[in-house]
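One structure below.
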Amino acid sequence: MSELVSSPQARRRKLVVGLAIGGGLLLLAGANWHLVHVAISSQPDCVPHLRRGEGEGRPGAYSAARSACQSR
């Protein structure tokens, strides 16, 4: 019967462990949310590059296969 009733110290220890685990899970969820938010909201700028077909025949010149930037 004494095993069913836990002492105040054991309850406090369980509470501290539970709060630590809960806090760690909240921290993990917040960090993951931040990564997803930054990945969705950021749009990298277009970098200067040769357009498709402009770099053919020149050694060391690469062009994008399909540019996501608007042509200028």
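The values are calculated or read from the model by the stated rules, or taken from the named source; none is laboratory data. Treat the numbers as computed from the prediction; the structure is a model and nothing was measured. Here Cβ is always computed from backbone atoms with ideal geometry, including for glycine, and neighbour counts include all displayed protein chains.
Does Ser2 satisfy the condition of being assigned to a loop (DSSP other than H, G, I, E, B), of a type in the set (Gly, Ala, Ser), at pLDDT 65 or above and more than 31 Å from the chain's Cα centre (by Cα)?
No, not satisfied.
Starting from residues that are exposed (fewer than 10 other Cβ atoms within 10 Å of the Cβ) and part of a loop (DSSP other than H, G, I, E, B), keep the ones in the stretch 5-48 and report whichever is modelled with the highest pLDDT.
By that ranking, first place goes to Ser7.
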